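As structure tokens, the structure follows; a few thoughts come after it.
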Amino acid sequence: MQKDYAIKQSQTTSATETSGACWHCVFDPSEAELQALKAQYELPDGYVEAALDDHEDARSEALREGADAPGFILVREPYAYQGDTGHRTYATMPIALILLADELVTISRDKPRLMDAYLQALDQVETADSLALRIVDRVLDCYTKDIDDMADSTHKMEKQVKNSAKNTLICEVMSLEKGLVYFNAALTRTKTLVADIRDSDRYFLAASDARVLFLLDVKVRQILTTVASTEEILDQYNSAISSVVGNNLNLIMKMLTSVSILLAIPPIISGIFGQNTWIPWKGQPVYGFWLTLALAAGISGAVAWWLHRKDYF
């Protein structure tokens, strides 16, 4: 599917109606659409295919003056999904940005998660390369938001750790750590990409781009630091949660053992006095019943007091 937008208008148009700088957003493309794009813009091999390759790293090509091919930027946009454990986790999706004379072509496997944010950027730029720069900036902002959401989830875990005796929190930590691994890999390559973008002498030369270029470098460094610290905290939580869950299970078993001991005393006492042998109170069964019951209760109470002193429950 392809949607065309005139820059500074934020309104969908057709390719034939669009004049001046414009953005062609292509997502979920068919093989025929990809081949048509390659033929229409005479794109080098690998430009359109990279957007559909989940193993592609963030990178750039032909951003320096003198390059014959169109400028190419590949970023990995983060997204959230429900993992196999039933908890929210995160991954990244490649998006290819192809810089033409006055047009920007973006290609992605699915509709971009940040489509609304990209459309808002249309009103802030005048050229296609400036729009590409804002798209990279919005992607970094999305990483920041998702990592903040991870931090909020981590804080919520703190309230549940104390009484946890199940593996639910461990599974949740595993899901978050999985997302951080993907984020760390993508952002490490994005840091190199941002450096290439800043060094470009072919694109991003508008006065308004200078501030964005500076902020891109600041943001990617801050996000990498946050990812590293969050990953370390989750590692500590994982160890702490495992220890707490194991300790809580031990406490439960200790309590059950103490209860089993107490419940075993009355049957033992009543069993002794229920044997076919001489027993006191034989001629007074009513008194014998209550005295046996009192004896069992007294011994059980004494054992319960002793177990309590030993901190068994």
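Any idea what the dipole of the chain comes to, in debye rounded to 20, about its Cα centre with Lys/Arg Cβ at +1 and Asp/Glu Cβ at -1?
Dipole size: approximately 2740 debye.
Just name one of Ala96, Thr144, Gln120: the one whose Cα is farthest towards the positive end of the charge dipole of region 85-145 (beta-carbon charges, Lys/Arg +1, Asp/Glu -1).
Thr144
Mind checking which of Ile135, Ile95, Ile268 has the largest fluctuation in a GNM of the chain, springs on alpha carbons under 10 Å?
Result: Ile268 has the largest fluctuation of those listed.
Could you look at the chain and say what percent of its accessible area is carbon and sulfur, using a 1.4 Å probe and all protein chains?
Carbon-and-sulfur percentage of accessible area, whole number: 55.
Per the helix-only calculation at 222 nm, which mean residue ellipticity applies to the chain, given -39500 (n - 2.57) for every DSSP H run of n ≥ 4 and division by its residues, nearest 500 deg cm²/dmol?
-20500 deg cm²/dmol
Over all distinct alpha-carbon pairs, what is the Kirkwood Rh of the chain in angstrom?
Hydrodynamic radius (Kirkwood, Cα pairs) of the chain is 24.3 Å.
Assuming 1.002 mPa s and 20 °C, estimate D for region 30-75 with Stokes-Einstein, Rh taken as the Kirkwood radius over Cα pairs, in µm²/s.
For these conditions, the coefficient is 187 µm²/s.
Each residue of region 90-100 in order: what ³J(HN,Hα) in whole Hz does its phi give by Karplus 6.51 cos²θ - 1.76 cosθ + 1.60, θ = phi - 60°, with x for Gly and Pro?
10, 8, 10, 10, x, 10, 8, 10, 10, 9, 9
Give the Rg (one decimal place) followed by the Dmax (whole number) of region 164-238, computed from C-alpha coordinates and expressed in Å.
Final numbers for Rg and Dmax: 17.3, 59 Å.
Which pairs break 24 Å Cα to Cα here: Lys111/Lys156; Lys145/Lys191; Lys3/Lys38; Lys156/Lys310; Lys38/Lys178?
Lys111/Lys156; Lys156/Lys310; Lys38/Lys178
Using only the Cα atoms of region 93-140, build the gyration tensor, take square roots of its eigenvalues as a ≥ b ≥ c, and label the shape rounded, prolate or oblate: rounded if a/c is under 1.5, else prolate if a/b is larger than b/c, else oblate.
Since a/c reaches 1.5 but b/c is at least a/b, the shape of region 93-140 is classed as oblate.
Roughly what % of DSSP beta bridges within the chain run antiparallel, to the nearest 5?
Antiparallel bridges: around 80 percent, rounded to the nearest 5.
Let me check I've understood the local charge: for Asp152, count other residues with C-beta under 14 angstrom from its C-beta, Lys and Arg +1, Asp and Glu -1. What total comes out?
-1
Give a residue-ordered list of calculated ³J(HN,Hα) values for region 144-158 (Karplus: 6.51 cos²θ - 1.76 cosθ + 1.60, θ = phi - 60°; whole Hz; x for Gly, Pro).
4, 5, 5, 5, 5, 5, 4, 5, 5, 4, 5, 5, 5, 5, 4
If I build a Gaussian network model for the chain, linking alpha-carbon pairs within less than 10 angstrom, which residue out of Asn250, Asn238, Asn184 has the largest mean-square fluctuation?
Ranking Asn250, Asn238, Asn184 by mean-square fluctuation puts Asn250 first.
So what is the accessible area of region 57-207 per residue, in Å², with the probe set to 1.4 Å?
With all protein chains present, region 57-207 gives 44 Å² per residue.
Can you tell me the orientation of helix 31-41 relative to the chain, as the angle in degrees between its alpha-carbon axis and the longest Cα principal axis, to the nearest 10?
40
Which ³J(HN,Hα) values in Hz, rounded to whole numbers, follow from the phi angles of region 244-259 under the Karplus curve 6.51 cos²θ - 1.76 cosθ + 1.60, where θ = phi - 60° and Gly and Pro get x?
5, 4, x, 5, 5, 5, 5, 5, 5, 5, 5, 5, 5, 5, 5, 5
Measure off 7 Å from each Cα along the Cα-to-Cβ vector at Ala240 and Leu263, then give the distance between these two points in nanometres to one decimal.
Those two pseudo-labels are separated by 3.5 nm.
The values are calculated or read from the model by the stated rules, or taken from the named source; none is laboratory data. Please read these numbers as outputs of a predicted model, since none were measured by experiment. Note: ideal-geometry Cβ built from the backbone for every residue, glycine included; neighbour counts use all protein chains shown. SASA here: full protein model, heavy atoms, side chains in, ligands and nucleic acids out. Shrake-Rupley method; radii C 1.70, N 1.55, O 1.52, S 1.80 Å.
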